[in-house]
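Worksheet: the structure to be examined is printed underneath.
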Amino acid sequence: MTLGRFSKPLLDVSLLNMLDRQAAYDLVCQYTASDSLRKHMLAVEAAMRAYAGRFGEDVEKWGIVGLLHDFDYERWPNPPEHPLQGAAILAELGYPGDVIYAIKSHADYLTDCPRVSRLDKSLYACDELAGFITAVALVRPERLVGLEARSVQKKLKQKGFAAAINREDIERGAADLGVPLAEHIEFVIAAMQPVADTLGLAPAGS
């Protein structure tokens, strides 16, 4: 893919550490101006890091997959450009194949990229759920503090709440990962809580 004069990445991570977190976040900021979208990627990063720890996997790699999964979305929001444009950029920068594949596999419409590994399945499971948890937290004065899985599940049943988020994706993600939905929700909430301030989800005045 030709990136073009205005799209060429500023950083060549192949000259650095291919899994350098700061380089990945700089790439996010280069392609994403939206504060809410940046925070979504940070939330998914937190969840992925937590699951990597739980499964005994590479925390840095899993975190970077979560951090970069939507970095191209603002510029190329239409499928299949997202995530294929981003995948091409990451390949040019020298990111590992399994990182790129996991990011591609979170798009259901890319039928040639089925979710196979635990990394792939974890990203899919965390993506929509992190967005939904954020939506629930934003309507609570306490934000993430004290948020319980049962409250999130109650909101999931309210079809008019955060209607753009696909409930079936959330349920399918947990099932494919092999984690009961309530446990999965509780786990992702707990992963997001330590970075609540960064996510804009700390209680007002805290």
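Read-outs throughout are calculated quantities, based only on the coordinates presented, and are distinct from any laboratory measurement. In this text, all values refer to a predicted model and were calculated from it rather than measured experimentally. Ideal geometry is used to build each Cβ from the backbone, glycine not excepted, and the neighbour counts take in all protein chains shown.
Key figures for this structure:
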quantity	calculated
Overall dimensions of region 130-195 as given by Cα atoms, namely Rg and Dmax in Å	11.3, 33
Calculated P(r) of region 21-106 - Cα pairs past 17 Å, %	42
HN-Hα J in Hz across region 82-97 - Karplus 6.51, -1.76, 1.60, θ = phi - 60°, x for Gly and Pro	9, x, 5, 4, x, 4, 5, 5, 5, 5, 5, 7, x, 5, x, x
J(HN,Hα) series, region 118-134, from Karplus relation 6.51 cos²θ - 1.76 cosθ + 1.60, nearest Hz, glycine and proline x	5, 4, 4, 5, 5, 4, 4, 5, 8, 4, 5, 5, 4, x, 5, 4, 4
Global form of the chain, assessed from the alpha-carbon gyration tensor, a/c cut-off 1.5	prolate
Spatial separation of Cα centroids for region 39-108 and region 130-193, in angstrom	20
Lysine pair count for the chain [Cα-Cα under 24 Å; pairs on different chains or 8 or more apart]	14
Highest average packing first - 60-70, 97-107, Cβ atoms within 10 Å	60-70, 97-107
In sequence order, calculated HN-Hα J values of region 145-160 (Karplus, 6.51, -1.76, 1.60; Hz; x Gly/Pro)	5, x, 5, 10, 4, 5, 5, 5, 5, 5, 5, 4, 7, 8, 4, x
Pair-distance profile P(r), taking every C-alpha pair of region 66-168, with 10 angstrom steps and integer %	14, 39, 30, 16, 1
